[in-house]
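The values are calculated or read from the model by the stated rules, or taken from the named source; none is laboratory data. Please read these numbers as outputs of a predicted model, since none were measured by experiment. So basically every Cβ, Gly included, is an ideal-geometry build from the backbone, and we count neighbours across all protein chains shown. Ligands, DNA and RNA are excluded from the accessible area calculation, which covers all protein heavy atoms including side chains. Shrake-Rupley method; radii C 1.70, N 1.55, O 1.52, S 1.80 Å.
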Amino acid sequence: MAVVSTATAAANPTHQHVTVNRPNPVSVGTIVWLASELMFFAALFAMYFTVRQTMPAEEWALQADKLNITFSTINTIVLVLSSFTCQWAVFKAEQFKPSRSGKLYQFWTWGMHEWLTMTYLMGAFFIGGQIFEYTELVHQGLTISSSAYGSVFYMTTGFHGLHVTGGLIAFLFVLGRSFAAKRFGHHEATTTIVTSYYWHFVDVVWIALFAVIYLLQ
């Protein structure tokens, strides 16, 4: 009987179910949407270089000299560093660690909430710095309607500022959803991850804008 059973088992092998790891639809949707945003900023860059090519070099240089490069560099460094704090929030979300396990000053024990809050504060600092910069430039006579340079400057940096503000709102949504959840799980972690995609995107775009507008001028 044992021989018959063995032969039967060999003749009818157990079917192995292969699990297909499909990409997360939320992540895919976010990446596709960011691709469309990339085209939007590409159009802004095209507008900037077109105006720069057609505007007299002397007038362009006169307007560009009004920019405070030192202040903008500090503001840029803060925004770039916020990408690192945002990524640490992602690491903690992937570990399903929403909150700190030690004192507040022990940053090495922070969870997703603390790292994401730090990212939010750094992003808010950037927006506050941008508003301060706009105020100073307006006092110097550089407005969106004062010249073609003013138009492209405020449109490129302004639209980016709106995207950063959108990211700050998204952070509030992520934090609120995490605090409201009875248990921090995959849904909350996924929300943190896809929001980080957006934040890294606006940071990279700003690096390009900063290099073109403030460094190359």
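Quick look at the numbers
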quantity: Residue within the stretch 132-144 that is hydroxyl-bearing (Ser, Thr, Tyr), open to solvent by 30 Å² or more (accessible area, probe 1.4 Å) and part of a loop (DSSP other than H, G, I, E, B) present; calculated: yes
quantity: Filter result (open to solvent by 40 Å² or more (accessible area, probe 1.4 Å) and of a type in the set (Ser, Thr, Tyr)) within the stretch 145-166; calculated: SER145, SER146, THR165
quantity: Residue within the stretch 61-71 that is modelled with pLDDT of 95 or more, part of a helix (DSSP H, G or I) and of a type in the set (Ser, Thr, Tyr) present; calculated: yes
quantity: Candidate set from the stretch 26-60 (those that are open to solvent by 80 Å² or more (accessible area, probe 1.4 Å) and aromatic (Phe, Trp, Tyr)); member that is modelled with the highest pLDDT; calculated: PHE49
quantity: Pair list, Cβ < 8 Å and 6+ apart or interchain, from the stretch 125-142 residues that are acidic (Asp, Glu) to residues that are not in a helix (DSSP H, G or I); calculated: GLU133/ASN68; GLU136/ASN68
quantity: Test: residue in the stretch 198-213 that is assigned to a helix (DSSP H, G or I), within 19 Å of LYS92 (Cβ to Cβ) and open to solvent by 30 Å² or more (accessible area, probe 1.4 Å); calculated: yes
quantity: Of the criteria (1) among the hydrophobic types (A, V, I, L, M, F, W, C); (2) under 20 Å from VAL202 (Cβ atoms); (3) assigned to a loop (DSSP other than H, G, I, E, B), which one PHE171 fails; calculated: (3)
quantity: Single match in SER101, SER72 (criterion: open to solvent by less than 60 Å² (accessible area, probe 1.4 Å) and of a type in the set (Gly, Ala, Ser)); calculated: SER72
quantity: Number of the exception - ILE169 against (1) over 22 Å from PHE126 (Cβ atoms); (2) surrounded by fewer than 19 Cβ atoms within 10 Å (Cβ to Cβ); calculated: (1)
